[in-house]
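All remarks here apply to the structure that follows.
The values are calculated or read from the model by the stated rules, or taken from the named source; none is laboratory data. It should be emphasised that the depicted structure is a prediction, and the values quoted were computed from it without experimental measurement. Methodologically, a virtual Cβ is constructed for each residue, glycine included, from the backbone with ideal geometry; neighbour enumeration extends over all protein chains shown. We work out accessible area using only protein heavy atoms, side chains counted, and drop any ligands, DNA or RNA first. Shrake-Rupley method; radii C 1.70, N 1.55, O 1.52, S 1.80 Å.
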Amino acid sequence: MTAVSPGVQAPVATERLVLRLFTADDVEERYAYQRLPEVARFLYRPPLTREGCAESIAARAAGTPWEADGDGLLLAVCRAQEPRVVIGEVVLTLTSARARQAEIGWVFNPRYAGHGYATEAARALASSAFGRLGVHRLYARLDVLNTASVRVCERLGMRREAHLVDNDLDGDRWGSEYVYAVLAHEWKG
Ligand SMILES: CC(C)(COP(=O)(O)OP(=O)(O)OC[C@H]1O[C@@H](n2cnc3c(N)ncnc32)[C@H](O)[C@@H]1OP(=O)(O)O)[C@@H](O)C(=O)NCCC(=O)NCCS
């Protein structure tokens, strides 16, 4: 697979961070946080296995054509001074190519929580989505109990558009979700 969005496929730099494609060398560091139950708590799936981490890295390591529904960009987030150390990840999925709708998500190692890294990385990815990738509307879905993620959305200036009630099952718990979104012409970067 070849990525057709060179600006996004290439590393994206922010003030403190570098966002880059994952490589096979990152499996252990990704697994270090993706295996944690507290990290998976609101993801509506079990923690990832090491094999699961490796498989999704392999599937996304070449970037994305960003053409069809389901195409996605998975980027490792590293601090600029330690570009080999993965502190978390951000993901962007094209959910409707026709209507230029994309979903954004983030997962970080709790060791690096509370420094604004997730917000900084998500802001950079959102800017790439609206800029280079021509997204019209960017949205996030999150469990209503996921207060840290709610705060990321609100820091990004996303609007709470929906409160879905008991719309999914998280194991045997009914899960309720918020949908947050922002349009290209509203994005302030
Ligand atoms: C969601 C998640 C990424 C949020 O992580 P986080 O550390 O709270 O978010 P940030 O990295 O943006 O850090 C923000 C915090 O850093 C603080 N901060 C400290 N120094 C800062 C700085 N220099 N710049 C900006 N913020 C700073 C902010 O005040 C903020 O604290 P607050 O939320 O208590 O007000 C994390 O909880 C996570 O990975 N959860 C598990 C996966 C998950 O649920 N993903 C979402 C699925 S929808």
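Quick notes
- Screening Arg173, Arg151, Arg155, Arg159 for residues that are basic (Lys, Arg), surrounded by fewer than 19 Cβ atoms within 10 Å (Cβ to Cβ) and closer than 20 Å to Thr95 by Cα leaves exactly one candidate, Arg159.
- Residue within the range 106-125 that is in a strand (DSSP E or B) and without any contact (Cβ under 8 Å) to a residue 60 or more places away in the chain present: yes
- If you go through the range 179-189 and keep only what is open to solvent by 30 Å² or more (accessible area, probe 1.4 Å) and either within 10 Å of the ligand (Cβ to nearest atom) or closer than 17 Å to Gln101 by Cα (or both), you end up with Leu183, Ala184, His185, Glu186, Trp187.
- Any hit, the range 104-126, residues being among the β-branched types (Val, Ile, Thr), modelled with pLDDT of 95 or more and more than 18 Å from Ala13 (Cβ to Cβ): yes
- Members of the range 126-141 found to be assigned to a strand (DSSP E or B), open to solvent by 10 Å² or more (accessible area, probe 1.4 Å) and within 16 Å of the ligand (Cβ to nearest atom), listed by number: Tyr139, Arg141
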